[in-house]
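These notes concern the structure reproduced below.
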């Protein structure tokens, strides 16, 4: 079928040569977020991104992730920005506002800047659910967000490379 692109590979180390990444971690629920950060950093280094090409930043909570991500993405220094945080439902609707606004804001940064900005924020009903998603039996949302940033950075470089080679 004409015009149909082959299914892309997830990523290759050479396609990300020289790429820098930022990881922003929320301090609220800090112990859980430290696990998410570790997962994100592990994913980046496993993909061949040197530690020196990753900048880590901390913000007070998940609500502040989009503002920090926007600032970093607009510098154009990064091939991707990974946001990690944890919002656990309590007895008030506060959870709904924080989780929803964090998700919408992080998505908006990616759409507005063109820099892959990924959502590694756990939104859990209980602390046990959060731990399960921070390297427990359900995986590590920080690692998954970093892998998504890597894949999207590769995608963008591939598309831009195709455009500039015409």
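Give me the compactness ratio for the chain, meaning the Cα radius of gyration over 2.2 N^0.38 Å.
That ratio works out to 1.06.
Neighbour counts of other C-beta atoms within 10 Å: give me 150, 41 arranged from fewest to most.
41, 150
Take the Cα of residue 31, step 7 Å along the line toward its Cβ, and report every residue of region 38-66 whose backbone nitrogen sits under 18 Å from that point.
38-39
Averaging over all projection directions, find the projected area of the Cα convex hull of region 24-119 and quote it in nm² with one decimal place.
5.9
For the chain, with a Gaussian network of springs between Cα atoms less than 10 Å apart, report the residue from 59, 109, 138 with the top mean-square fluctuation.
Per the Cα network of the chain with a 10 Å cutoff, 138 tops the list.
Computed from the coordinates by the stated procedures, all read-outs in this text should not be read as laboratory data. This is a predicted model, so every value here is computed, not measured. A quick note on method: Cβ atoms are made from the backbone with ideal geometry, for glycine too, and the neighbour counts reach across all protein chains shown.
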